1. Can you tell me how many residues in region 120-153 are at pLDDT 75 or above and either more than 26 Å from T42 (Cα to Cα) or of a type in the set (G, A, S) (or both)?
2. Which of the residues belonging to region 41-69 are in contact with a helix residue (DSSP H, G or I) (Cβ under 7 Å, 6 or more places away or on another chain) and of a type in the set (V, I, T)?
3. Taking the condition modelled with pLDDT of 80 or more and not β-branched (V, I, T), does A156 pass?
4. What are the residues in region 64-95 that are out of contact with any strand residue (DSSP E or B) (no Cβ under 8 Å at 6 or more places or on another chain), among the small types (G, A, S) and within 28 Å of R111 (Cα to Cα), if any?
5. Kindly list the number of the only condition in (1) at pLDDT 85 or above; (2) under 18 Å from the mean Cα position of the chain (by Cα) that fails for A196.
6. Among the residues of region 176-193, what is the count of those that are over 16 Å from the mean Cα position of the chain (by Cα) and buried (at least 16 other Cβ atoms within 10 Å of the Cβ)?
7. Which is closer than 22 Å to G104 by Cβ, touching a strand residue (DSSP E or B) at 6+ places or on another chain (Cβ under 8 Å), among the small types (G, A, S) and touching a residue at least 24 places away in the same chain (Cβ under 8 Å), of A61, A29, A49?
8. Pick from region 154-213 the residues that are of a type in the set (K, R) and in contact with a strand residue (DSSP E or B) (Cβ under 8 Å, 6 or more places away or on another chain): which of them is nearest to E113 (Cα to Cα)?
Amino acid sequence: MNDKQLRQAVIDELDFEPSIDSADIGVMAEDGVVTLMGHTSTYYQKLSAERAVWRVKGVRAVVQNIEVRLMGDTSDEEIAKRALGVLKWNSAVPTDIHVTVNKGWVTLEGRVEWQYQRTGAETALRTLHGVTGITNNIAIKPSVQVPVVQQRIEDALKRSAEVEAKQIRIAIKNGDTVTLDGKVDTWSERVAVERAVWSAPGVKDVVDHLVIA
């Protein structure tokens, strides 16, 4: 697929995605690198646009330059109140998450036991009106020793039908940072590997050096 074909495929995918108003989104493609420009009316649409691009065959990297232009004014105070309310009623998220809002940009802080709790807090706020972006500074508390984390990750990879575990090399630093090396065939396989790693308790950070061959 050449650059022109890839660009058109991305445009078609954006038009096909019902959660996105793609009228104000521009697309450039060069050597598998897709750049998104323009603006959307919500932060959720911005994220949806990026996810849509990754579904297109031939995409190797995405440069996200979309700007969120809100319709109407919502104060930071109102956004913060709504965010705390959403988190309070989310049973998957601990109650001690701290929220800071600056010009619509939400910063999350606190400590949780699991990665799904960390991502759950961010996901819960993505559709909140007035949000222009989210910085997730929630930390994960290390809770297990290195050998335990290593074994859980390897077992999870072996159970995944999408990934050949033998092609993935795993290294653990400081008991909570996992580095991945090796090769996968597709972007979906790479996502499956990361999902398996984050499912292990105590993982605080993942350094992904996997190559899509």
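1. Of the residues in region 120-153, the ones at pLDDT 75 or above are 120-141, 151.
Still in the list and also either more than 26 Å from T42 (Cα to Cα) or of a type in the set (G, A, S) (or both): 120-121, 124, 130, 133, 139-141, 151.
Number of matching residues: 9.
2. In the first step, residues of region 41-69 are kept if they are in contact with a helix residue (DSSP H, G or I) (Cβ under 7 Å, 6 or more places away or on another chain); the result is 49, 52-56, 58-59, 62, 64, 66, 68.
Within region 41-69, V53, V56, V59, V62, I66, V68 meet the criteria.
3. Numbers: modelled with pLDDT of 80 or more: no; not β-branched (V, I, T): yes.
No, not satisfied.
4. Of everything in region 64-95, those that are out of contact with any strand residue (DSSP E or B) (no Cβ under 8 Å at 6 or more places or on another chain), among the small types (G, A, S) and within 28 Å of R111 (Cα to Cα) turn out to be S75, G85, S91, A92.
5. For A196, the failing item is (1).
6. To start, the set of residues in region 176-193 that are over 16 Å from the mean Cα position of the chain (by Cα) comprises 176-186.
This time we only want the ones that are buried (at least 16 other Cβ atoms within 10 Å of the Cβ), so: 176, 178, 180, 182, 184.
The qualifying residues number 5.
7. Numbers: A61 fails: closer than 22 Å to G104 by Cβ; A29 fails: closer than 22 Å to G104 by Cβ.
Criteria check complete, one pass: A49.
8. Let us first name the residues in region 154-213 that are of a type in the set (K, R), namely 158-159, 166, 169, 173, 183, 190, 195, 204.
Among the residues that remain, those that are also in contact with a strand residue (DSSP E or B) (Cβ under 8 Å, 6 or more places away or on another chain) are: 169, 173, 183, 190, 204.
Numbers: R169: 25, K173: 18, K183: 30, R190: 24, K204: 9 Å.
Looking at residues that are of a type in the set (K, R) and in contact with a strand residue (DSSP E or B) (Cβ under 8 Å, 6 or more places away or on another chain), I get K204.
The values are calculated or read from the model by the stated rules, or taken from the named source; none is laboratory data. Computed from a predicted structure; not experimentally measured. Because the Cβ atoms are built from the backbone with ideal geometry, glycine has one as well, and the counts that use them run over all protein chains shown.
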